[in-house]
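Everything on this sheet refers to the single structure shown next.
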Amino acid sequence: MAKTILIVDDDPDLVLATRLVLESAGYEVVEAGTGEEGLAQMRANKPDLVLMDVMMANPLDGYYTTQEIADDPDLSRTPILMVSSITNSDYAERFPTDQHLSIREFVSKPIEPKELLKKVQRYAR
């Protein structure tokens, strides 16, 4: 059975590109444009991995959503990759890191397809 990956990001172009890469590798993809939608999709679809953007409806939407996931016993075992462009900016030090979040890894946008698949394969077990 194919692993299910949830993409939580408000950039439809990025979601489409990521979906194409993942589906071409045999993954099932579910998507959400906000943290709230992401939580609903997690509960409905029980994904094997979540790719979570940080900055969506508000600058820390992904951060708050990740905290809610960590606090929910039914969701907290799902691995999360935080995918964001802020890790490359001068502002990155102002945002939480994987030391402060219940995530597996912080990944910088854009991410090359081969690198994305390597990370997805590593964490979606």
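The values are calculated or read from the model by the stated rules, or taken from the named source; none is laboratory data. Every value quoted in this text rests on a predicted model; they were computed, and no experiment measured them. Glycine also receives a Cβ, built like all others from the backbone with ideal geometry; neighbour counts cover every protein chain displayed.
Points worth noting:
Every residue, every condition in (1) hydroxyl-bearing (Ser, Thr, Tyr); (2) closer than 22 Å to Glu115 by Cβ, yes or no:
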position	(1), (2)
Met1	no, no
Arg19	no, yes
Glu31	no, yes
Thr34	yes, no
Asp48	no, yes
Val54	no, yes
Asp61	no, no
Pro79	no, yes
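- Flag if Val8 is at negative phi, surrounded by 15 or more Cβ atoms within 10 Å (Cβ to Cβ), β-branched (Val, Ile, Thr) and under 11 Å from the mean Cα position of the chain (by Cα): yes
- Enumeration of residues in the range 40-67 that are farther than 20 Å from Thr4 by Cα and not small (Gly, Ala, Ser): Val54, Met55, Met56, Asn58, Pro59, Leu60, Asp61, Tyr63, Tyr64, Gln67
- Annotation note: Cβ proximity below 6 Å between a residue of the range 103-123 that is touching a residue at least 40 places away in the same chain (Cβ under 8 Å) and a residue that is assigned to a helix (DSSP H, G or I) and among the small types (Gly, Ala, Ser) (sequence gap 6+ or interchain) occurs for Lys109/Ser85.
- Contacts under 9 angstrom Cβ, first residue in the range 1-20 being over 18 Å from Met82 (Cβ atoms) and of a type in the set (A, V, I, L, M), partner modelled with pLDDT under 95 and assigned to a helix (DSSP H, G or I), 6 or more apart: none
- Counting only helices (runs of 4 or more DSSP H) that sit wholly inside the range 1-113, those with at least 2 residues that are at pLDDT below 95, farther than 15 Å from Ala124 by Cβ and of a type in the set (Ser, Thr, Tyr) are 61-71.
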